[in-house]
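Visitor: Below is a structure I'd like to ask you about.
The values are calculated or read from the model by the stated rules, or taken from the named source; none is laboratory data. This is a predicted model, so every value here is computed, not measured. Positions of Cβ are generated from backbone atoms using ideal geometry, with glycine treated the same way; all protein chains shown enter the neighbour counts. Note: accessible area is taken over every heavy atom of the protein model, side chains too, but ligands, DNA and RNA are not part of it. Shrake-Rupley method; radii C 1.70, N 1.55, O 1.52, S 1.80 Å.
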Amino acid sequence: MEGTGGGDGASAATLDQWRQFSRLFQFYLDKTTPHAVYRWIGTAALVFLYALRVYYVQGFYIVSYGLGIYILNLLIGFLSPLVDPELEPSDGPLLPTKGSDEFKPFIRRLPEFKFWYAITKAFIVSFLMTFFSMFDVPVFWPILLCYWFVLFALTMKRQIMHMIKYRYVPFNIGKQKYSGKKSSAGSSSSGSRAD
């Protein structure tokens, strides 16, 4: 009977440590949000490590294929608008279809940060899977590679046709600068100064 009470305290302490770790992890994850370039450089290094690991062990091609399909799925979400005008007409923000329509910004179904986070987690999980031989299923990898390229080409063709049909571009090059009316206050204040 005495041992049961001690187990509850230990599990509560473990749960409290997990919550503390979760808060700390979320804090540092939130701090990386404005640093997109550095985040993607870190992910590129992780991709390089994964590719090096797969090349070195000459296996885990089925894991790489599954990773490629998952990334393709994420890419479709990243390139798609939040509200697809083809599927659900709504009263919310829609993509402009005519030149006279009001400009509405492109809102992604999968934002860039969540896209990056999902890809990074996927590469970490895939990298860890390469250390367990049960995931090394023997396959003829050139067939998987060709099949993935066919899937990629067909999916991107469909997505590009959707972009052309509804006239949207899912990328922006930065904040647009508008040249508004110049105020005449600056010129009148300089004329009233005494030299």
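Visitor: Could you go through the range 118-137 and let me know if any residue there is surrounded by 13 or more Cβ atoms within 10 Å (Cβ to Cβ), modelled with pLDDT of 95 or more, assigned to a helix (DSSP H, G or I) and of a type in the set (Phe, Trp, Tyr).
Guide: yes
Visitor: Here's something else I'd like to know. Please pick out the residue among Gly99, Gly5, Gly59, Gly92 that is modelled with pLDDT under 95 and part of a helix (DSSP H, G or I). It would help to see each step written out before you state the result.
Guide: Working: Gly99 fails: part of a helix (DSSP H, G or I); Gly59 fails: part of a helix (DSSP H, G or I); Gly92 fails: part of a helix (DSSP H, G or I).
Exactly one of Gly99, Gly5, Gly59, Gly92 is modelled with pLDDT under 95 and part of a helix (DSSP H, G or I), namely Gly5.
Visitor: Could you tell me which residue of the range 102-117 is modelled with the highest pLDDT, considering only residues that are open to solvent by less than 80 Å² (accessible area, probe 1.4 Å) and touching a Leu at 6+ places or on another chain (Cβ under 7 Å)?
Guide: The extreme case among them is Phe115.
Visitor: Just need a number here: residues in the range 110-139 that are among the hydrophobic types (A, V, I, L, M, F, W, C), touching a residue at least 12 places away in the same chain (Cβ under 8 Å) and either out of contact with any Lys or Arg (no Cβ under 8 Å at 6 or more places or on another chain) or more than 16 Å from Gly66 (Cα to Cα) (or both).
Guide: Residues of the range 110-139 among the hydrophobic types (A, V, I, L, M, F, W, C): 110, 113, 115-116, 118-119, 122-125, 127-129, 131-132, 134-135, 137, 139.
Applying the additional criterion that residues be touching a residue at least 12 places away in the same chain (Cβ under 8 Å) yields 110, 113, 115-116, 118-119, 122-124, 127, 129, 135, 137, 139.
Checking which are either out of contact with any Lys or Arg (no Cβ under 8 Å at 6 or more places or on another chain) or more than 16 Å from Gly66 (Cα to Cα) (or both) leaves us with 110, 113, 115-116, 118-119, 122-124, 129, 135, 137, 139.
Counting residues in the range 110-139 that are among the hydrophobic types (A, V, I, L, M, F, W, C), touching a residue at least 12 places away in the same chain (Cβ under 8 Å) and either out of contact with any Lys or Arg (no Cβ under 8 Å at 6 or more places or on another chain) or more than 16 Å from Gly66 (Cα to Cα) (or both) gives 13.
Visitor: Moving on. Tell me, yes or no, whether the range 30-46 has at least one residue that is modelled with pLDDT under 95, open to solvent by less than 60 Å² (accessible area, probe 1.4 Å) and touching an Asp or Glu at 6+ places or on another chain (Cβ under 9 Å).
Guide: Within the range 30-46, one or more residues are modelled with pLDDT under 95, open to solvent by less than 60 Å² (accessible area, probe 1.4 Å) and touching an Asp or Glu at 6+ places or on another chain (Cβ under 9 Å).
Visitor: Report the residue count in the range 8-32 for those that are under 18 Å from Lys114 (Cβ atoms) and either among the aromatic types (Phe, Trp, Tyr) or part of a helix (DSSP H, G or I) (or both).
Guide: Residues meeting the conditions: 8.
Visitor: So which pairs qualify, if the first residue must be in the range 48-72 and under 11 Å from Phe135 (Cβ atoms) and of a type in the set (Phe, Trp, Tyr), the second must be open to solvent by less than 20 Å² (accessible area, probe 1.4 Å) and assigned to a loop (DSSP other than H, G, I, E, B), the Cβ gap must be under 9 Å, and the two must be at least 6 apart or on different chains?
Guide: Cβ pairs passing all conditions: Phe60/Thr130.
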